[in-house]
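**Q** Questions regarding the structure given below will be posed in turn.
The values are calculated or read from the model by the stated rules, or taken from the named source; none is laboratory data. In this text the structure is predicted, and so the values were computed from the model without any measurement. With ideal geometry, Cβ positions are generated from the backbone for all residues, glycine too; neighbour counts draw on all protein chains shown. To get the accessible areas, we keep the full protein, side chains included, count just its heavy atoms, and leave off ligands, DNA and RNA. Shrake-Rupley method; radii C 1.70, N 1.55, O 1.52, S 1.80 Å.
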Amino acid sequence: MSRIDQEKKTLNSMIHIYCNKKHEHKKGELCQDCTELLEYAYKRLDSCKFGEGKTFCAKCPIHCYKKDMKLKIKEVMKFSGPRLIFYDPIEVIKHIFAK
């Protein structure tokens, strides 16, 4: 699996956790705001200047997210990051070793 695909998978999991807990949607479904955030994040990953050599977005010298989307994704990561270990432990292990 490519680096970009791995990042997409992690983001997808995190946004689903966030939306299911915060917006009380059915498991597997996303609200309109979270759907837009996920699509935006995918678009940013697809157009990443660094491609397969990219670092984590937090360590990237180029901040390609719009300010409002950056705040939303930070909120999602802050909430979902610690919970991801319970929902997808293998993904967490892959993420740790990717650092």
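**Q** Could you list, in sequence order, all residues of segment 1-39 that are part of a helix (DSSP H, G or I), open to solvent by less than 30 Å² (accessible area, probe 1.4 Å) and either in contact with a Lys or Arg (Cβ under 7 Å, 6 or more places away or on another chain) or not β-branched (Val, Ile, Thr) (or both)?
**A** We begin by selecting, within segment 1-39, every residue part of a helix (DSSP H, G or I); these are 3-22, 32-39.
So of that shortlist, the ones also open to solvent by less than 30 Å² (accessible area, probe 1.4 Å) come out as 4, 7, 10-11, 13-15, 17-19, 34, 37-38.
Result: GLU7, LEU11, SER13, MET14, ILE17, TYR18, CYS19, CYS34, LEU37, LEU38.
**Q** When segment 76-99 is examined, which residues are found to be free of Cβ contacts under 8 Å to residues at least 40 places away in the same chain and in contact with a helix residue (DSSP H, G or I) (Cβ under 8 Å, 6 or more places away or on another chain)?
**A** Start the filter on segment 76-99 by keeping residues that are free of Cβ contacts under 8 Å to residues at least 40 places away in the same chain, which leaves 78, 82, 85-86, 89-90, 92-93, 96-97.
The answer is ILE85, VAL92.
**Q** Related question: Residues that are open to solvent by less than 40 Å² (accessible area, probe 1.4 Å), assigned to a loop (DSSP other than H, G, I, E, B), among the hydrophobic types (A, V, I, L, M, F, W, C) and at pLDDT below 80: does segment 52-75 have at least one?
**A** yes
**Q** Which of the residues belonging to segment 40-49 are exposed (fewer than 12 other Cβ atoms within 10 Å of the Cβ) and part of a helix (DSSP H, G or I)?
**A** First, pick out the residues of segment 40-49 that are exposed (fewer than 12 other Cβ atoms within 10 Å of the Cβ): 43, 46-47, 49.
Scanning segment 40-49 gives LYS43, ASP46.
**Q** Moving on. Looking only at segment 76-94, which residues are surrounded by 14 or more Cβ atoms within 10 Å (Cβ to Cβ), of a type outside the set (A, V, I, L, M) and either closer than 14 Å to ILE17 by Cβ or out of contact with any Ser or Thr (no Cβ under 9 Å at 6 or more places or on another chain) (or both)?
**A** Scanning segment 76-94 gives PHE79, SER80, GLY81, ARG83, TYR87, ASP88, GLU91.
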